[in-house]
Amino acid sequence: MPDEELIDIKFRLYDGSDIGPFRYSSASTVDMLKQRIVSDWPKGKTIVPKAVTEIKLISSGKILENNKTVGQCKIPYGEVPGGVIIMHVVVQPSLAKTKTGNYIFILTNCSICMNVLFCSSLA
C-alpha cells in the first residue's frame, strides 16, 4: 500500500488570525477538520463556535461539504506556495440563524486569495 498523501492546512479566522497549520491525511473528512477547529478555537475570541454545525469552511471560494475528503478539496491547479492550504472559517452561531437584518462583511486577504465573506451577526 503506498504512503498516504499528507496535506498541511491552516484555518483563517474572521479576525485574520490563524489556527494551525496542521498536517492531515488526504482521506480526512471536512467534518474531522471542523471538529479540530472547535476543539482548538483560541481563547478570548468574541465569536466562539459551540458545535461543528456552526462552522463553514471555504477553500478556493467554495463552501466545503462535511462528507468530502481533504484530497477531494485540494486546489486543482497545482501546488500552493509554501505548501500550506489556507481554508477560511465562517462561524454562524445557532442564535444568528434566527435573527435577520444585521450582517457583518468580513474581508479576508491572503497571499493566494481574496474573499469577501458574508455572514449573519449576533447583534
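The values are calculated or read from the model by the stated rules, or taken from the named source; none is laboratory data. Being a predicted model, the structure only gives us computed values, none of them experimental. Cβ: placed from backbone, ideal geometry, glycine included. Neighbour counts: every protein chain shown.
Observations
- Looking only at segment 63-82, and only at residues there that are under 17 Å from the mean Cα position of the chain (by Cα) and at pLDDT below 90, the one that is farthest from Pro21 (Cα to Cα): Gln72
- Taken over segment 19-57, the residue count meeting the criterion of being surrounded by fewer than 16 Cβ atoms within 10 Å (Cβ to Cβ) and in a loop (DSSP other than H, G, I, E, B) is 11.
- When residues of segment 58-70 are limited to those that are hydroxyl-bearing (Ser, Thr, Tyr) and in a strand (DSSP E or B), the one surrounded by the most Cβ atoms within 10 Å (Cβ to Cβ): Ser59
- Taking every residue in segment 6-31 that is of a type in the set (Phe, Trp, Tyr) and modelled with pLDDT of 90 or more and pairing it with any residue that is loosely packed, with under 14 Cβ neighbours inside 10 Å and not in a loop (DSSP other than H, G, I, E, B), at least 6 positions away or on another chain, the pairs with Cβ-Cβ distances below 9 Å are Tyr24/Leu6.
- All conditions but one from (1) part of a strand (DSSP E or B); (2) at pLDDT below 90 apply to Val90; the one that does not is (2).
- Taking the criterion of being outside any strand (DSSP E or B) and buried (at least 18 other Cβ atoms within 10 Å of the Cβ), the only residue of segment 1-13 that qualifies is Leu13.
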